Amino acid sequence: MAHDPVYAGSPYKQGLRTARVYRLDRKETIVAAGRLRHADPLASAAIGITRAQKVTLLGFVILLGGLACFSPRGAAIAVHHFLWLFFATSITFRAFMLVVSPRPVNASVVLPVPDLPVYTILIPLYRETEVLGALCEAIGALNYPRSKLDVKLLLEADDKKTIRAARDRGLGPEWEIIIIPPLGPRTKPKALNAGLARARGQLVTIYDAEDRPHSEQLLHAAHAFSKDRGGHLGCVQAPLGYYNANQNWLTRQFTLEYAAHFQVLVPAMARLGLPFPLGGTSNHFRMRALRHVGAWDPYNVTEDADLGYRLSAKGWHLDAITPPTYEEAVSKAGPWQRQRSRWLKGYLQTMGVHMRRPATHNALAGMLSMTATLGTAVFAALGHASFFVLTLASLLLAPWLGSILSPIDYGLALAGLLVGTMMLGIGAKRAGFAFSLWDLSGAVLYWPLQSWAMAKAISDLITRPFHWEKTNHGFCSPPEVNT
């Protein structure tokens, strides 16, 4: 399909050939930040832990503490059995996902131009001049008529350098540069809400600064929505991967992790009609659905995971498409820990928010999904390092103290290892990522790093719950567009 060079859609003037610049005022920014919090306070992370949740947590601590005082062994056994049952259920769930996960089908899609909806693309940037040029080229390579594109570049008012670079790019009339006052919370979802207020598309998607989406991705998403005769499809998720997978050991492990999630777990959950945590980018929404649920929560630092479950709670369905988006994986341990700690902090926020009203999640399906995804991520991050230490201690001290862990614990660990590595391997094959047995075995060393990030996540949740740990990009050259 050839790109349509003629742009005639409102709110731009006919014949306008350059991007429009719009500055939000303070009132518009405050509305964007507080819409969900004011409309439905229990759906927002802004209010933190509710009184009922505090009472429940306190009661649990008192009960466990009392048991520990009267019977330390009994308390240890109770905690052990709970964790064993939780991880056994999680491993069984993932094994089932491996069985039902569909193979990706890369079919070409051709839709008549008159039938294509206007598509809004929201791109939040902050201090990203290094990747701006490549990003604009990637958006320009999307196979979608220019007259049907509505691209919003969302910039912070105090980021003068990126604003100057964007205005100097000579962007076309399908682009609009939206400048947002630096009012709290300084988060990506707040910027997305600000852009959404000026969006004119029937469909909307998000791309991050370093994203390189497949040129056919918008067409596949539009096709998925066009096939939804009931009008209940709220969002489709494109798979995410990394173009710098081979940069070092950390990026290879990160790539395997993403492949397992987006190539195996997400398609399986979509096939079963279960809600799942959306990725931070390349999720494509029906505008009506997005507005219906109150859009993004600016106070949740994993607004993507939260939104997937909120859509489901309001009756919208989620699905997956196959054309991928490639990003730049974090290649150093420090930035990796900061990024991962934000994710884990957001998972805790999201579970806290959605546990306030569990009945709205069709109880079983929604809570099962959240427990098997976000809950597993949190408990695994808490437990990986401790289990690693216990296993090492059990092997070294067994001749003197006896075995610390029982054979059934080792059996569970082995089952988790087998299922986990199978997900990594199958996901990598589907993503077209060449891996070795050494890469798969390296996951045993990669997983305990989650505990390092979890320690920071808990600290940040207490001291600065809405702080957004920014990830810098531009350390690795992106691939050529149209690949």
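What follows draws every value from the coordinates through simple rules; no lab data is involved. All of these numbers come straight from a predicted model, not from anything done at the bench. Cβ: placed from backbone, ideal geometry, glycine included. Neighbour counts: every protein chain shown.
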Checklist outcome for this item: Rounded to the nearest Å, the spacing of the alpha-carbon centers of the stretch 31-62 and the stretch 296-358 is 17
Checklist entry - How about residue 190: which lysines have a C-alpha closer than 26 Å to its C-alpha, ignoring those fewer than 8 places off in the same chain? => result 27, 148, 152, 160, 161, 314, 345, 456, 470
Item to check | Ranked 150, 115, criterion: other C-beta atoms within 10 Å, fewest first | outcome: 115, 150
Checklist entry - Per-residue HN-Hα couplings for the stretch 47-54, Karplus 6.51 cos²θ - 1.76 cosθ + 1.60 at θ = phi - 60°, whole Hz, x for Gly and Pro? => result 8, x, 7, 6, 4, 5, 5, 4
Item to check | Which label in (i) 24, 54, 21, 1; (ii) 22, 57, 19, 2, 0; (iii) 20, 45, 26, 9, 0 gives the computed P(r) over Cα pairs in 20 Å bins from 0, in percent | outcome: (ii)
Checklist outcome for this item: Between residue 21 and residues 5 or more places away or on another chain, the pairs with built amide H atoms under 5 Å apart involve 177
Checklist outcome for this item: Residues meeting the amide H criterion for residue 319 (H placed from the backbone, H to H distance under 5 Å, 5 or more places apart or on another chain) are 235, 236, 237
Checklist entry - With the contact rule set at Cα under 8 Å and sequence spacing of 6 or more, what percent relative contact order holds for the chain? => result 21
Item to check | Which of 454, 97, 355 has the fewest Cβ neighbours within 10 Å, and the rest in rising order | outcome: 355, 97, 454
Checklist entry - In deg cm²/dmol and to the nearest 500, what is the mean residue ellipticity at 222 nm of the chain if only DSSP H runs of at least 4 residues count, each as -39500 (n - 2.57), divided by the residue total? => result -16000 deg cm²/dmol
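Roughly what % of DSSP beta bridges within the chain run antiparallel, to the nearest 5?
Values: 8 of 36 bridges.
Bridges in the chain that DSSP calls antiparallel: roughly 20 percent.
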Item to check | Within the stretch 225-297, trypsin sites (Lys or Arg not before Pro) in DSSP loop having at most 12 other beta-carbon neighbours inside 10 Å | outcome: 227, 229
Checklist entry - Residue by residue, what Karplus-based ³J(HN,Hα) values in Hz, rounded to whole numbers, does the stretch 149-154 have, using 6.51, -1.76 and 1.60 with θ = phi - 60° and x for Gly and Pro? => result 9, 9, 9, 10, 8, 9
Checklist entry - Tell me, what HN-Hα J-couplings in whole Hz come from the Karplus equation 6.51 cos²θ - 1.76 cosθ + 1.60 at θ = phi - 60° for each residue of the stretch 168-176, using x for Gly and Pro? => result 7, 6, x, 5, x, x, 6, 9, 9
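Under a Cβ-Cβ cut-off of 14 Å, what is the net charge of the residues other than residue 260 that fall near it, where Lys and Arg count +1 and Asp and Glu count -1? Intermediate results must be reported in sequence, preceding the final value.
Details: positive: 94, 252, 429, 430; negative: 257, 439.
Result for the neighbourhood of residue 260: +2.
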Checklist entry - Which FRET efficiency value, to the nearest 0.05, is calculated for residue 60 and residue 410 with the Förster distance at 30 angstrom and r the Cβ-Cβ distance? => result 0.55
Next on the checklist: Using only the alpha-carbon atoms, how far is helix 376-401 inclined from the longest principal axis of the chain? Give it as 0 to 90 degrees, nearest 10.
Outcome noted: 30
